[in-house]
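Peer 1: I'd like to ask you about the structure that follows.
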Amino acid sequence: MKKEINAFDYAGEVCKAMPKGILMTTKNGEFTNTMVIGWGHIGIEWGKPIFVAYVRESRHTKTMVENQGEFTVNVPTCDVDSNIIKICGTKSGRDMDKIKELGLHLVDSNVVSVPGIKEFPLTLECKVIYKQKQDLSAIPEEILKRYYPEIPGADFAGETRDFHYAYYGEIVGAYLIED
Ligand SMILES: Cc1cc2nc3c(=O)[nH]c(=O)nc-3n(C[C@H](O)[C@H](O)[C@H](O)COP(=O)(O)O)c2cc1C
């Protein structure tokens, strides 16, 4: 069962859940992949409701969202099994089927072809309307050093110059998955 909602009524829940990790889900053909995101924005541009997700170049999610142009944002409404965050935040869909491995339950969306995930019931359905590679010359040195070091493995997550792309998803639907 799904209950349609106004995404902005739940903006606080989305933002408060982000530091612990929410999910960004994509689908190519029959394969659904999901990854943890900790950064994002919900708001308005061009008069449209928008969720902006920041995806590093190396993520399989980047390939998938580029191929298909849609994603869902999946937000927990209670505590989630930390193993889900661990696997979805460290393993790549290039190497494994995370949904299958974790036994996550997919639920068809109303508008986009990418499903929601029952275990993360608050769902935003997004269609990419704009994307932008972050402009290195506009990023402060301190942030460049911390998040995009030139020396492999020098930052906290072992990343190198693996930049983020901002994907602006128009929120074309939003729902809560209920039992
Ligand atoms: C708490 C947390 C937040 C994260 N936030 C992001 C993010 O906002 N953007 C990003 O590109 N990767 C982020 N990651 C890393 C990805 O989730 C991770 O690299 C994932 O394995 C990529 O999966 P994929 O290759 O299937 O896309 C985060 C990881 C964790 C644990």
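The values are calculated or read from the model by the stated rules, or taken from the named source; none is laboratory data. Fair warning: this is a prediction, and the values are worked out from it, not measured in the lab. Reconstructed Cβ throughout: ideal geometry from the backbone, glycine too, with neighbour counts over all protein chains shown. Quick note on the areas: whole protein, heavy atoms, side chains included, nothing else; ligands and nucleic acids left out. Shrake-Rupley method; radii C 1.70, N 1.55, O 1.52, S 1.80 Å.
Peer 1: Does Ile42 count as under 13 Å from the mean Cα position of the chain (by Cα), in contact (Cβ under 8 Å) with a residue 24 or more places away in the chain, away from the ligand (no atom under 13 Å from the Cβ) and open to solvent by 30 Å² or more (accessible area, probe 1.4 Å)? Lay out the reasoning, then the answer.
Peer 2: On the way: under 13 Å from the mean Cα position of the chain (by Cα): yes; in contact (Cβ under 8 Å) with a residue 24 or more places away in the chain: yes; away from the ligand (no atom under 13 Å from the Cβ): yes; open to solvent by 30 Å² or more (accessible area, probe 1.4 Å): yes.
Taking the combined requirement at face value, the residue satisfies it.
Peer 1: Starting from segment 13-30, take each residue that is open to solvent by 70 Å² or more (accessible area, probe 1.4 Å) and at pLDDT 95 or above and list its partners that are assigned to a loop (DSSP other than H, G, I, E, B) and among the β-branched types (Val, Ile, Thr), counting only C-beta distances under 8 angstrom and pairs at least six apart or across chains.
Peer 2: Glu13/Thr77
Peer 1: Same structure again: For segment 106-140, what are the residues that are free of Cβ contacts under 8 Å to residues at least 24 places away in the same chain and surrounded by 13 or more Cβ atoms within 10 Å (Cβ to Cβ)?
Peer 2: At the first step, the residues of segment 106-140 found to be free of Cβ contacts under 8 Å to residues at least 24 places away in the same chain are 108, 135, 137-140.
Of everything in segment 106-140, just one residue is free of Cβ contacts under 8 Å to residues at least 24 places away in the same chain and surrounded by 13 or more Cβ atoms within 10 Å (Cβ to Cβ), namely Ile139.
Peer 1: For Tyr54, state whether it is away from the ligand (no atom under 16 Å from the Cβ) and outside any loop (DSSP other than H, G, I, E, B). Break it down stepwise before answering.
Peer 2: Details: away from the ligand (no atom under 16 Å from the Cβ): no; outside any loop (DSSP other than H, G, I, E, B): yes.
It is false that Tyr54 is away from the ligand (no atom under 16 Å from the Cβ) and outside any loop (DSSP other than H, G, I, E, B).
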